[in-house]
Amino acid sequence: MTFCLKNSRNIISKLKPKVGLLSLMKQSSDCCYSSCLNHSNHCNFLPVTATSPFVKQLKNPDSNSHKKGRFFVFERFESTTAEKQIASVPNGEDNQVLNFPGGKVIFSPEMRFLSESPSLHAHCYRVLDDNGQLIRHSNFIQVSEDIAVKMYSNMVTLQTLDTIFYEAQRQGRISFYVTTIGEEAINIASAAALTLDDFVFPQYREPGVLLWRGFTLQEFANQCFGNKADYGKGRQMPIHYGSNKHKYFTVSSTIATQIPHAVGAAYSLKMDKKDACAVTYFGDGGTSEGDFHAALNFAAVTEAPVIFICRNNGWAISTPTSDQFRSDGIAVRGQAYGVRSIRVDGNDVLAIYSAVHAARKMAVNEHRPILIEAVTYRVGHHSTSDDSTKYRPADEIEWWRMARDPVTRFRKWIESNGWWSSEAESQLRSSIRNQLLQAIQLAEKVEKPPVKDLFTDVYDDLPPNLREQEKLLRETINRHPKDYPADVPL
Amino acid sequence: MQLQPKLIALQLLHLRNPALGEGLEEEMERDPRVCVMGEDVGHYGGSYKVTKGLATKFGDLRVLDTPIAENSFTGMGIGAAMTGLRPVVEGMNMGFLLLAFNQISNNCGMLHYTSGGQFTIPIVIRGPGGVGRQLGAEHSQRLESYFQSIPGIQMVACSTPYNAKGLMKAAIRSENPVILFEHVLLYNLKERIPDEDYICNLEEAELVRPGEDITILTYSRMRYHVMQAAKTLVNKGYDPEVIDIRSLKPFDLYTIGNSVKKTHRVLIVEECMRTGGIGASLTAAITENFHDYLDAPVMCLSSQDVPTPYAGTLEEWTVVQPAQIVTAVEQLCQ
């Protein structure tokens, strides 16, 4: 209390020419009592380390809500004569609080820049420690044995899928592949926390979400081999999965273009008043694209039920995050756009599950966007066209692969609960491996899509120019049948 | 039933329901999934007042005011279209949609194809474009030339209140992404249009004036320059056939072809730049398909290959003027 009074006299003397302040305090004269006693001096506009004697949080003095806010703590104890003198001067342009169209501002004679980095980095939410044991006092959403085992099995399946398909590419059986090694927890746990009604807009490192939703190993293989059974009719590169029945929107190679799509989808869900949200995934590199910023802004303004999940895996091909941005990661950007955010340990299944679960509830019930930054590490290369040992040390990669593997970490937890055993482990792994090898062999043998699928789906019907082009193509094929590949039907 | 055609302006500033706005309103009433998004389209009614009154009638959610990020709100429209809505995205000026090129080319035109037909994008992208009156180079873009190669999209250009309303409605009902090009200087036209529901075919050209001597192909504002030149030509004894091609992608080669077979001479009058414009593609298409029917090479009058200057007289001479059209016809018909 003494503190308040002493400072208040200093302030008042500085304030003499600035009259509006005291007249505002007059408005809030009923309620400062408790705040004064609490020394709760929080400054809305300056960093916590500020030494300014000003207490600046003044919420809407001209509305009833000011009775709940915090105030200039000293005004009740000031001399009333001084107050009367100053109150007689009319509110003019010297008002300490001014309403600009962009927002209410509180003036300050001190020139203080907002720091470019906070003194404390945003905290990272984590439930399991590195050894898969629950951290004391962690709060998380309980997971049943069924869900836990299902999540674990899916993670193992994803890991095996990646290993085998990567090898298939190296053997020349498929042309391209992108692995998700190291990010299995983000893929599976986030998918498990969503419902099947939610729309998913992936970047390209989230096949686990599709796997969780029921895409079969054969369907994955078909897309990678681009055969007749591929839902995309062989038109896209491998790993560009898409399935409307699983509400998983076809992967587009362009970075971050799916983020505004998700906002549009969320907007449509909101218009239709559905109990569902849109979810979109992207990497740390994707957050540099303009689409990311505008989409977050839009989502906040339109109050769209969308969850933005950033897989901050440290690398955008060869660009480390220190060359990608200088902000404290991605989570802090949410606040800049008015979006609630959280940073989560991306290799912790339970933390991801809880965070996405909570985010979904908020998104759907409160119609708001949520930003989740899942910190992790990209253990694999960017793709089969990349050799990451060229730009990062091999022992760093190995360390993350072995010591920080999310799959092993979760296994330790389910084993400690008695829900898993090493027999179950070896059984699962060999079974998945066999299924995958079979799927690949089958997919290789299936015919490729026919030539007519080259021209369909550009529009809803074939327009005359495409019909003509198809006709010309078929004529050329007829004239040179030996030059036409044998495994492509006409 | 008595037909009560009403006098309606293509667009009249500060008045409700011009032809475009009426088309949009009728479609929004007919189908609750139709929605509008763009800058200042809500209570402000749009920069050319096409969407005036819609926000009051249909609410803020169906007429969405977006922040300034063309690539992203076009992306948002694409996402909404893939999940069942039928958005109409407005570019405040077509030139601003250059910022949306990535979404239009890589996603709008492409996702139906790359998803194997699983996801459709029934979006309409529209806005005022073309050379206006001293709007400066950045506000005088002709985007039809840049967008014409994108596979998967359709492009139409309206030129009268009648076809504006008809094309707007047809575009909204189409399952394909359609880009509707309006012209800044044509918003003040007045014409009587029918009361009853009608749509114009998106792929059809419009015969404006039948004739025997020469086929003049044009679209959007140049139609009016051509018609003005036609009056002079008729006085000089020529009989030009004027066709407003309307459908810029794909070309209505059926109507065009029939006309070429009749007159054997073609003049294309367009507002695009000389290089790589609609006229360039149309010349190639006609020469390829109707070479045998031509008595003279196809002639194409286009705007100069310069950024549109601000000065009024200079601006006038970057676009094709009726006098040039008359000279060209006389040359071709020798």
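The values are calculated or read from the model by the stated rules, or taken from the named source; none is laboratory data. Only a predicted model underlies this, so the values are computations on that prediction, with no experimental measurement involved. Every residue, glycine among them, receives a Cβ derived from its backbone with ideal geometry; neighbour counts consider all protein chains shown. SASA here: full protein model, heavy atoms, side chains in, ligands and nucleic acids out. Shrake-Rupley method; radii C 1.70, N 1.55, O 1.52, S 1.80 Å.
Be a star and scan the range B:90-116 for residues whose amide nitrogen sits under 15 Å from the point 7 Å along the Cα-to-Cβ vector of B:ASP40.
What the label zone holds, given the 15 Å backbone N cut-off, is B:90-97.
May I ask you to derive the FRET efficiency for A:MET111 and A:ARG170 from their Cβ-Cβ distance with R0 = 51 Å, giving the value to the nearest 0.05?
Once rounded, the FRET efficiency stands at 0.25.
Please report, in whole Å³, the volume per residue of the convex hull around the C-alpha atoms of the range A:145-445.
Cα-based convex hull of the range A:145-445, divided per residue, equals 123 Å³.
Can you give the accessible area of B:GLU26, probe radius 1.4 Å, in Å² rounded to 10?
50 Å²
Please express the shape of the protein assembly as shown as an equivalent ellipsoid: the semi-axes are the square roots of 5 times the eigenvalues of the C-alpha gyration tensor, given largest first in whole angstrom.
Semi-axes (√(5λ), whole Å): 54, 43, 21.
Suppose the Debye formula is applied to equal point scatterers at every Cα of the range B:8-192; what is log10 I(q)/I(0) at q = 0.12, 0.13 Å⁻¹?
-0.49, -0.58
Need one number: % antiparallel among DSSP beta bridges in the range B:183-290, to the nearest 5.
Restricted to the range B:183-290, the bridges split so that about 25 percent are antiparallel.
Over the alpha carbons of the range B:15-89, what is the largest minus smallest coordinate on each principal axis, giving the biggest first in Å?
32, 27, 19
Pairs to check: B:LYS49/B:LYS231; A:LYS452/B:LYS169; A:LYS270/A:LYS361; A:LYS471/B:LYS261; B:LYS165/B:LYS249; A:LYS471/B:LYS249. Give those whose C-alpha atoms are more than 22 Å from each other in this structure.
Listed pairs above 22 Å: B:LYS49/B:LYS231; A:LYS452/B:LYS169; A:LYS471/B:LYS261.
Within 10 Å, Cβ to Cβ, of B:MET92, how many net charges do the neighbouring residues add up to if Lys/Arg are +1 and Asp/Glu are -1?
-4
Any idea of the accessible area per residue across the protein assembly as shown, 1.4 Å probe, to the nearest Å²?
Result: 43 Å² of accessible area for each residue.
Given a Förster distance of 60 Å, report the FRET efficiency between B:LEU61 and B:GLU330 from their Cβ-Cβ distance, rounded to the nearest 0.05.
For B:LEU61 and B:GLU330, the calculated efficiency is 0.60.
Treating the beta-carbon of each Lys and Arg as +1 and of each Asp and Glu as -1, no other charges, what is the dipole magnitude of the protein assembly as shown about its Cα centre, to the nearest 20 debye?
2220 debye
If Lys and Arg each add +1 and Asp and Glu each add -1, what is the summed charge of the other residues whose beta carbon sits under 13 Å from the beta carbon of B:ILE150?
Residues near B:ILE150 contribute 0 overall.
Between 0 and 90 degrees, rounded to the nearest ten: what's the tilt of helix B:19-30 against the longest Cα principal axis of chain B?
40 degrees
Using a Förster radius of 35 Å, what is the FRET efficiency between A:ARG340 and A:GLN441 based on their Cβ-Cβ separation? Nearest 0.05, please.
FRET efficiency, A:ARG340 to A:GLN441: 0.15.
From the protein chains alone at 1.4 Å, what is the descending order of accessible area for B:HIS291, A:HIS123, B:HIS112, largest first?
A:HIS123, B:HIS291, B:HIS112
State the antiparallel share, in %, of DSSP beta bridges confined to the range B:8-192, rounding to the nearest 5.
Percent antiparallel among DSSP bridges in the range B:8-192 is about 10.
Rounded to the nearest 10 Å², what accessible area does B:LEU207 have for a 1.4 Å probe in the complete protein model?
90 Å²
Do any residues of the range A:271-302 lose at least 10 Å² of accessible area when the full set of protein chains is present rather than just their chain alone, and if so which, with a 1.4 Å probe?
In the range A:271-302, residues shielded by partner chains: A:MET271, A:ASP272, A:ASP291, A:ALA294, A:ASN297, A:PHE298, A:VAL301, A:THR302.
Can you give the % of DSSP beta bridges in the protein assembly as shown that are antiparallel, to the nearest 5?
Percentage antiparallel, nearest 5: 25.
Angle, helix B:322-332 long axis vs. longest principal axis of chain B, Cα atoms, 0 to 90°, nearest 10?
It is inclined by approximately 50 degrees.
With each pseudo-label sitting 7 Å past Cα toward Cβ, what's the B:TYR254-A:LEU196 distance in nm, one decimal?
The answer from the label model is 4.5 nm.
For A:VAL97 and A:GLU145 in the same chain, what is the full-extension length gain: residue separation times 0.36 nm, less their Cα-Cα distance, in nm?
11.7 nm
Can you give me the distance in nm between label points at A:ILE135 and A:LEU462, each placed 7 Å from the Cα along the Cα-to-Cβ direction?
It is 6.0 nm.
Once you keep just the Cα pairs under 8 angstrom separated by 6 or more residues, what percentage relative contact order results for the range A:224-330?
Relative contact order here is 22 percent.
If ligands, DNA and RNA are left out, what is the accessible area of A:SER385 with a 1.4 Å probe, given in Å² to the nearest 10?
Counting only protein heavy atoms, A:SER385 exposes about 100 Å² to solvent.
Which percent of the accessible heavy-atom area of chain B goes to carbon and sulfur, probe 1.4 angstrom?
Percent of accessible area from carbon and sulfur atoms in chain B: 53.
With the contact rule set at Cα under 8 Å and sequence spacing of 6 or more, what percent relative contact order holds for the range A:145-445?
Relative contact order here is 24 percent.
Which of the chymotrypsin sites (Phe, Trp or Tyr not before Pro) across the range A:143-203 are loop residues per DSSP, with 16 or fewer other Cβ within 10 Å?
Here the chymotrypsin sites (Phe, Trp or Tyr not before Pro) that fit, given the DSSP loop and packing criteria, are A:PHE176.
Would you calculate the volume per residue, in Å³, of the smallest convex hull containing every Cα atom of the range B:185-287?
So the per-residue hull volume is 125 Å³.
Going by Cα centres, the range B:112-165 and the range B:223-261 are how many Å apart?
22 Å
May I ask for the distance between the Cα centers of the range B:22-43 and the range A:420-490, given as a whole number of Å?
First find each Cα centre; the distance between them is then 41 Å.
Nearest 500 deg cm²/dmol is fine: what mean residue ellipticity at 222 nm does chain B get from its DSSP H runs of n ≥ 4 alone, each adding -39,500 (n - 2.57), divided by its residue count?
Taken over chain B, the calculation gives -9000 deg cm²/dmol.
Ignoring any ligand, DNA or RNA, what whole percent of the accessible area of the range A:95-148 comes from carbon and sulfur when the probe is 1.4 angstrom?
Of the solvent-accessible surface of the range A:95-148, carbon and sulfur hold 56 percent.
Using protein heavy atoms only (no ligands, DNA or RNA), what is the total accessible area buried between A and B, 1.4 Å probe, nearest 100 Å²?
Buried: approximately 3500 Å² between B and A.
Quick one: check the C-alpha center-to-center distance for the range A:361-381 versus the range A:279-348, whole angstrom.
First find each Cα centre; the distance between them is then 8 Å.
Each label point is 7 Å from the Cα along the Cα-to-Cβ direction; what then is the distance between the points at A:ASN478 and A:SER119, in nm?
Result for the modelled spin labels: 8.2 nm.
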